[in-house]
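**Student:** Let me begin by handing over the structure; questions about it come next.
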Amino acid sequence: MADLTGKRVLTIVTSYGVEQDELVVPLEHLRDAGADVVVAADERGEVRTLVGDKDPGRTVPVDTTYDDVAAGDFDLLLVPGGTINADTLRLQDDAIRLVKDFAGAGKPVAAICHGPWALVEAGCVAGATLTSYPSLQTDVRNAGGTWVDQSAVRDAGAGFPLVTSRTPKDLEDFLAQVDAVLGA
């Protein structure tokens, strides 16, 4: 396991609908490696996760809201998926501002499953090669990105380090690339 002591990761989600393993597994992995991981959401309280977009999952405490954090305070932005979460997240102006701020500063962004919708909304995929849940491939292509069907993709074609993955089944490969970007 990578030693990520001293690294700070911002995770942005909405308070309902994030895919449980796409939030919980990275949080636990990164924290176990020594990273300080902050969960920001649209409101304080708890994130109610789902399993398979329908079954109730675990709750995760929210540390702060989008408007109380800045990209300059973190080393990586993590954007989990879940159809409901990702669709709602891309409508949150402060969340999309954070995506733009990370990308504009050349800071790494890691997004899994439907999470890349936030990158599309922020206008940050042009020139990038990335993956996602397959239903997003047309959105990625229409936004100027190149979509590929791989377990995890690490690319800097949009001007910042971008790590993407398809589904919770790919979490091992996704987290290996996140570790590599944070350890660089």
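Bear in mind these aren't lab numbers, they're just calculated from the coordinates by the rules spelled out. Note that the coordinates shown come from a computational prediction; the quantities given were computed from them, not determined experimentally. We place every Cβ from the backbone using ideal geometry, glycine too, and count neighbours over all the protein chains shown.
**Student:** With a point put 7 Å past each Cα toward its Cβ, work out how far ARG141 is from ASP87 in nm, to one decimal.
**Tutor:** Roughly 2.2 nm, to one decimal.
**Student:** Relative contact order of region 8-183: what whole-number percent is it, with Cα pairs under 8 angstrom and at least 6 residues apart?
**Tutor:** Relative contact order for region 8-183 comes out at 20 percent.
**Student:** Going by the alpha-carbon gyration tensor, a ≥ b ≥ c the square roots of its eigenvalues, is region 84-158 rounded (a/c under 1.5) or, if a/c is not under 1.5, prolate (a/b greater than b/c) versus oblate?
**Tutor:** Details: a/c = 1.64, a/b = 1.16, b/c = 1.41.
Oblate shape, in that a/c is at least 1.5 and b/c is the bigger or equal ratio.
**Student:** Is the shape of region 19-65 best called rounded, prolate or oblate, per the rule: a/c under 1.5 gives rounded, else a/b larger than b/c gives prolate, else oblate, with a ≥ b ≥ c the square roots of the Cα gyration tensor eigenvalues?
**Tutor:** Here region 19-65 falls in the oblate category.
**Student:** Taking LYS107 as the anchor, which lysines have their alpha carbon closer than 17 Å to its alpha carbon, excluding any fewer than eight residues away along the same chain?
**Tutor:** LYS7
**Student:** A further question on this structure: Kindly rank 10-16, 109-115 from highest to lowest mean number of other beta carbons found within 10 Å of each residue. Provide the component values of the computation, followed by the final result.
**Tutor:** On the way: 10-16: 24.3, 109-115: 29.9.
So the peptides 10-16, 109-115, ranked by packing, come out 109-115, 10-16.
**Student:** Turning to a different aspect of this structure: Under a plain spin-label model, where a point goes 7 Å from the Cα along Cα-to-Cβ, how far apart in nm are ALA180 and ASP32?
**Tutor:** 2.0 nm
**Student:** Short version: ³J(HN,Hα) in whole Hz for each residue of region 160-170, in order, from phi by Karplus 6.51 cos²θ - 1.76 cosθ + 1.60 (θ = phi - 60°), x for Gly and Pro, what are they?
**Tutor:** Running phi through 6.51 cos²θ - 1.76 cosθ + 1.60 with θ = phi - 60° gives 8, x, 10, 10, 9, 8, 8, 8, x, 4, 9 Hz.
**Student:** Amide H of GLU46 versus every other amide H placed in the peptide plane: which residues, excluding those fewer than 5 positions away on the same chain, fall under 5 Å?
**Tutor:** VAL62
**Student:** Follow-up. Express as a percent, rounded to the nearest 5, the fraction of DSSP beta bridges in the chain (both residues included) that run antiparallel.
**Tutor:** Details: 9 of 30 bridges.
DSSP beta bridges in the chain are roughly 30 percent antiparallel.
**Student:** How many percent of the alpha carbon pairs in the chain exceed a separation of 19 Å?
**Tutor:** Numbers: 8465 of 16836 pairs.
Every Cα pair in the chain considered, those over 19 Å come to 50 percent.
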